[in-house]
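Chemist: I'd like to ask you about the structure that follows.
The values are calculated or read from the model by the stated rules, or taken from the named source; none is laboratory data. Since we're looking at a predicted model, the values are computed, not measured. Cβ coordinates were reconstructed from backbone atoms using ideal geometry, including for glycine residues, and neighbour counts include every protein chain displayed.
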């Protein structure tokens with residue numbers, strides 16, 4: 001199959017920042033792209049060949065969009081799966097497969113899948129609604145504390161609560177959910193595995209998510225993770241096991257806990273390029289976005305190793321600002337060697353909205369980590385004062 | 001000034017591959033771009049915010065286009081300078097300045113400029129037309145052999161001829177020209193200098209253009225050049241001297257000869273991202289395209305040093321093929337570690353047309369150079385057989 005400067009058409013469901021960064025690679029290879037996103041202001045609206053401004057949750061929209069292209073991929077899991085299954089049954093190539101997406105979309109089903117495939121994961125129990133989980137606690141079938149997770153729709157830490165007392169149970173939403181054992185862990189790690197339809201597999205180095213000591217937010221993603229060779233080998237092995245279990249095509253980002261006993265437990269997966277792989281644009285021989293493209297197109301996979309150490313800092317909207325975005329002190333961070341901001345192209349900031357990220361690369365991880373802290377403490381994502389806005393508009 | 005996700009508008013004259021690769025960086029920073037190019041099929045037609053399909057040689061087109069934007073840059077030198085001068089005189093920011101472009105557009109004027117500024121360059125003499133250069137040879141004022149260069153419009157080696165006998169003189173075009181001493185040289189080198197309006201300057205490592213032993217064509221661009229520390233320091237110094245002499249803003253690629261006596265002679269310059277800097281996308285901390293953007297926007301310049309060694313191979317159309325392009329064996333080169341093809345997005349190949357390039361990076365230059373040869377010998381830019389074309393259309 002010819003992809004390069006040809007009539008081949010790649011469809012992408014979702015036009016967010018992941019779609020936008022994927023388009024950098026389709027442009028590099030001159031592969032025609034069709035993007036579907038409900039937002040007129042989607043970050044990926046430029047850079048694709050055709051932008052369709054409609055919903056990826058509507059069956060008929062996704063089905064008709066899919067018929068326009070030769071191969072479909074996603075940059076978001078929450079899409080209409082019935083349409084994707086219909087397209088796949090009619091012979092359309094869909095990577096990741098709707099079967100995998102269906103397992104992943106429901107966190108309970110996802111956990112069951114790990115258990116069925118002997119993939120290490122924290123013990124869990126599924127509940128159809130709030131009443132049943134409350135009942136289980138009442139009957140001493142479920143011990144407090146535990147981690148409550150909404151089965152569907154959680155994103156970036158929403159849909160997850162630690163239940164430490166029966167009081168915490170009252171305020172939970174009445175949805176399908178699961179209870180997971182609260183396992184003390186030292187580290188959150190992630191490994192991205194790429195697999196193409198031929199079955200070729202490449203595994204990125206293990207990355208470490210470093211959390212803010214107080215706020216429960218990832219502050220830095222570090223590659224390589226500061227763990228022993230033994231731990232990183234084990235983490236890569238587990239990630240490979242997950243990728244094989246799904247018979248996955250494309251990228252699979254596997255998020256894991258490293259317990260206090262150096263055990264690896266799979267937390268959850270994302271079947272696409274992932275925040276934990278953004279460092280790869282600057283640090284790796286093959287960026288995760290190029291790798292995803294190579295994988296779904298059944299091209300040979302690229303070298304996942306790193307040229308230099310990388311640290312990624314998310315740029316999220318300051319909690320006190322909403323409105324037209326301003327990136328304060330961006331010139332200060334640009335003056336530091338090895339610092340690359342990525343601005344996703346969202347015109348409006350909101351508290352904690354993901355507006356961009358900054359990658360810091362250096363031959364020395366310690367130095368990169370130090371600079372990352374400087375970056376984190378310098379740049380602020382705020383909004384324009386209203387007066388200024390009126391002047392310039 | 002706010003550039004990131006703001007109302008700031010950058011105009012780019014020319015929508016070729018250089019414009020396209022520049023857009024990767026404007027996208028990364030979410031800077032609004034307007035591109036002007038006469039070809040509907042220009043490689044940069046996607047990736048910009050607004051594409052204007054018109055001539056950059058027409059005064060009124062360039063002038064009106066310039067009025068739409070806040071800052072103008074070029075990805076090609078051969079644009080309407082009267083319009084740029086008018087825009088600049090009216091206060092519009094134009095980088096590189098039309099004054100510099102006017103000097104560079106005429107190779108005779110460019111050479112005079114080097115002499116006036118004590119920049120080492122091969123001795124030359126200017127002639128208004130063919131008659132006068134023939135006359136000078138006749139009168140023994142000009143000794144054969146020498147290098148004949150058309151004063152205007154030469155590109156990628158066209159407009160240059162070595163005159164070895166009076167017979168060679170007969171077939172030359174009747175245009176303004178110059179005669180340059182034929183200096184034996186060991187190497188062709190290039191250095192890219194970035195300078196912002198504040199006067200901050202950064203110099204990329206010296207690269208080496210390796211020529212095919214028989215065909216007079218650059219085969220590989222290597223960074224770093226395989227020359228002594230002394231030679232590379234001298235080359236960087238001369239490049240800096242040229243950048244200062246022009247008071248240049250943006251990138252300036254300075255092409256140089258290294259003579260057999262280890263002297264540096266400036267050949268010519270390009271006031272923009274340049275073929276000799278393509279390696280930087282994969283090999284450098286800051287790619288030449290991001291650096292050009294930082295420079296013209298008066299942002300702090302990025303680190304021009306390399307993470308790894310890089311070799312660049314141009315992908316030019318095979319001399320025996322014309323028509324819809326096919327990249328033969330691209331899957332073979334993708335299977336090699338550290339190999340990244342860039343496909344410019346030209347649908348039709350023609351003999352020697354620049355269709356893309358391939359970058360090879362490696363920790364070891366010898367290994368990179370070896371792989372580059374493998375790449376060069378594998379990939380071919382040909383056209384589809386006519387039958388196949390009919391089938392697929």
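Chemist: Restricting to the stretch A:109-122, give me the number of residues that are closer than 15 Å to residue A:163 by Cβ and surrounded by fewer than 18 Cβ atoms within 10 Å (Cβ to Cβ).
Modeler: Result for the stretch A:109-122: 0.
Chemist: Which one of these does residue B:161 not meet: (1) buried (at least 20 other Cβ atoms within 10 Å of the Cβ); (2) in contact with a strand residue (DSSP E or B) (Cβ under 8 Å, 6 or more places away or on another chain)?
Modeler: (1)
Chemist: Another question about this same structure. Could you please let me know if residue A:237 is farther than 23 Å from residue A:363 by Cα, surrounded by fewer than 19 Cβ atoms within 10 Å (Cβ to Cβ) and in contact (Cβ under 8 Å) with a residue 24 or more places away in the chain?
Modeler: Numbers: farther than 23 Å from residue A:363 by Cα: yes; surrounded by fewer than 19 Cβ atoms within 10 Å (Cβ to Cβ): yes; in contact (Cβ under 8 Å) with a residue 24 or more places away in the chain: no.
No, not satisfied.
Chemist: Hey, another quick one. Please pick out the residue among A:57, A:81, A:142, A:72 that is in contact with a strand residue (DSSP E or B) (Cβ under 6 Å, 6 or more places away or on another chain) and either at positive phi or free of Cβ contacts under 8 Å to residues at least 40 places away in the same chain (or both). Can you show your working first?
Modeler: Values: A:57 fails: in contact with a strand residue (DSSP E or B) (Cβ under 6 Å, 6 or more places away or on another chain); A:81 fails: in contact with a strand residue (DSSP E or B) (Cβ under 6 Å, 6 or more places away or on another chain); A:72 fails: either at positive phi or free of Cβ contacts under 8 Å to residues at least 40 places away in the same chain (or both).
Answer to the check: A:142.
Chemist: With respect to the numbered conditions (1) within 9 Å of another protein chain (Cβ to nearest Cβ); (2) on the phi < 0 side of the Ramachandran plot, which one is the sole condition not fulfilled by residue A:5?
Modeler: Among (1) within 9 Å of another protein chain (Cβ to nearest Cβ); (2) on the phi < 0 side of the Ramachandran plot, residue A:5 violates only (2).
Chemist: Still on this structure: Restrict the check to the stretch B:201-210 and report whether at least one residue is more than 28 Å from residue B:245 (Cβ to Cβ) and touching a residue at least 12 places away in the same chain (Cβ under 8 Å). I'd like the intermediate steps shown before the answer.
Modeler: Start the filter on the stretch B:201-210 by keeping residues that are more than 28 Å from residue B:245 (Cβ to Cβ), which leaves B:210.
Keeping just the survivors that are touching a residue at least 12 places away in the same chain (Cβ under 8 Å) gives B:210.
Yes; the residues of the stretch B:201-210 include at least one that is more than 28 Å from residue B:245 (Cβ to Cβ) and touching a residue at least 12 places away in the same chain (Cβ under 8 Å).
Chemist: Any residue in the stretch B:18-32 that is surrounded by fewer than 17 Cβ atoms within 10 Å (Cβ to Cβ) and either under 24 Å from residue B:300 (Cα atoms) or not assigned by TED's automatic domain parsing to the domain that holds residue B:356 (or both)?
Modeler: So in the stretch B:18-32, the residues surrounded by fewer than 17 Cβ atoms within 10 Å (Cβ to Cβ) come out as none.
No: zero hits.
Chemist: If you don't mind, there's one more thing I want to ask. Please find, within the stretch B:262-296, the residue that is surrounded by the most Cβ atoms within 10 Å (Cβ to Cβ) out of those that are within 16 Å of residue B:222 (Cα to Cα) and in contact with a helix residue (DSSP H, G or I) (Cβ under 6 Å, 6 or more places away or on another chain).
Modeler: B:277
Chemist: Hey, does the stretch A:244-261 have a residue that's within 14 Å of chain B (Cβ to nearest Cβ) and surrounded by fewer than 20 Cβ atoms within 10 Å (Cβ to Cβ)?
Modeler: Pass one, the stretch A:244-261, residues within 14 Å of chain B (Cβ to nearest Cβ): none.
No, the stretch A:244-261 contains no residue that is within 14 Å of chain B (Cβ to nearest Cβ) and surrounded by fewer than 20 Cβ atoms within 10 Å (Cβ to Cβ).
Chemist: Another one. Taking the residues in the stretch B:26-62 that are under 18 Å from the mean Cα position of the chain (by Cα) and within 14 Å of another protein chain (Cβ to nearest Cβ) as candidates, determine which candidate is farthest from residue B:289 (Cα to Cα).
Modeler: Filtering first and then ranking leaves B:42.
Chemist: Here is a follow-up. Got a sec? Which strands (runs of 3 or more DSSP E) wholly within the stretch A:188-232 have at least 3 residues that are under 17 Å from the mean Cα position of the chain (by Cα) and either within 22 Å of residue A:358 (Cβ to Cβ) or assigned by TED's automatic domain parsing to the domain that holds residue A:286 (or both)?
Modeler: Where strands (runs of 3 or more DSSP E) fall fully within the stretch A:188-232 and carry at least 3 residues being under 17 Å from the mean Cα position of the chain (by Cα) and either within 22 Å of residue A:358 (Cβ to Cβ) or assigned by TED's automatic domain parsing to the domain that holds residue A:286 (or both), they are A:207-211, A:218-223.
Chemist: Regarding residue A:361, is this residue facing another protein chain (nearest Cβ under 8 Å), more than 25 Å from residue B:303 (Cα to Cα) and in a strand (DSSP E or B)? Write out each step before concluding.
Modeler: Numbers: facing another protein chain (nearest Cβ under 8 Å): yes; more than 25 Å from residue B:303 (Cα to Cα): no; in a strand (DSSP E or B): yes.
So residue A:361 does not fit the description; no.
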